[in-house]
Structure formats: structure tokens, C-alpha cells
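All of the numbers you see were taken from the coordinates with simple rules; none came from a lab. Computed from a prediction, not measured in an experiment: that's the story for all the values here. We place every Cβ from the backbone using ideal geometry, glycine too, and count neighbours over all the protein chains shown.
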Amino acid sequence: RGTTADAMHGAGSGETARRQPIRSKGSVGISFGSELCDLDKLSIGEGGTFYHIGWTSDFADPRYNLKGQLKNVEYAEKAALLAAACSCDTFVSIGSQAECGRINGAITPHTPSKPETAYAIAKVVLNEKVRGICEERGMKFCSPRLLSGYGPFDRPATMIM
């Protein structure tokens, strides 16, 4: 089924926000541009799947700044509540290999979370909190852990060596 959204879309720093309709079939798509928008000002019709793929790092030392990273959890909780208000039946977020910590061997869907950075802790907390919101509201929750690609010319500081 089709969906329509009116999103307060920041056009860029210093510019006036404008309303833009966003249409999609079977899923809700919302673009926040270069600025986070006020989720309370969004209105959306019924949808199927809500994709939450945003993550901010607009604060000092983002990898290890827990207070800053927990802003992302708050934004994701608001997004999950918006998805529920829009009658979405599925909420998809993006997990990270960082949730697992350092692993010698294969990472599987059953690898336990052992976060070592503020970023990884926030990803784990997000999964717990948003999963709870989704369960309370009858939505499916999916957060696949994406792994960094690696190979020739990879950064030396990557988790996969």
C-alpha cells in the first residue's frame, strides 16, 4: 500500500525548513537532510516498514562520548514511536559489528554483544529499547549487524585485521 509523509526537511544550515511530501510503496521513507528534524511535527499515513538508518556524531570524540551517542538512542526511540503511530508493522534499524566487541572467529547472529566503545554501547542500548517499544506496539523489529568490508587498502585501525 502507498504512504505519504509531510516531513519538515532541513534544506541545509541557515536555510528555512520546508514541507516536502515523500511518497513510497510499502514502506515509509523520511529524509532529514543535513539537520535532524522535529519528529513531533511529522504526519504520515499508514505504512508497512519504517527504516531508521540515521546516526549522528555531531559532538566531540564521537567514538567514546557516551552522552553524545545516547542522543542517537533517543532519536531512534522517537522514530519507533512515529512508526507505531503510522501503523507500520515493521521497524528496521542498522546494527554494527562494534556491538560484538573484538572477536576471534566468525560473527554470527548468535554472537553475544560485548560493546567496548560508546558507539557500540549506544547501538546495544538502542536495540534493547527500540525492541521493547516495537514489542509493546505489535511491530516486528529487525537490526542486522553490518560488518565493514575489508581487503587491500583497508584502514589499519579497522576491527577486522
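Within the set of other residues whose C-beta is less than 13 Å from the C-beta of Thr108, count the net charge using Lys and Arg as +1 and Asp and Glu as -1.
Overall, the nearby charge balance is 0.
Considering only the other residues whose Cβ falls under 15 Å of the Cβ of Lys129, what net charge follows from Lys and Arg at +1 and Asp and Glu at -1?
In short, -1.
Restricting attention to region 74-123, which trypsin sites (Lys or Arg not before Pro) occupy a DSSP loop and are surrounded by at most 15 other Cβ atoms within 10 Å?
When the trypsin sites (Lys or Arg not before Pro) of region 74-123 are filtered for loop state and at most 15 Cβ neighbours within 10 Å, Arg102 remain.
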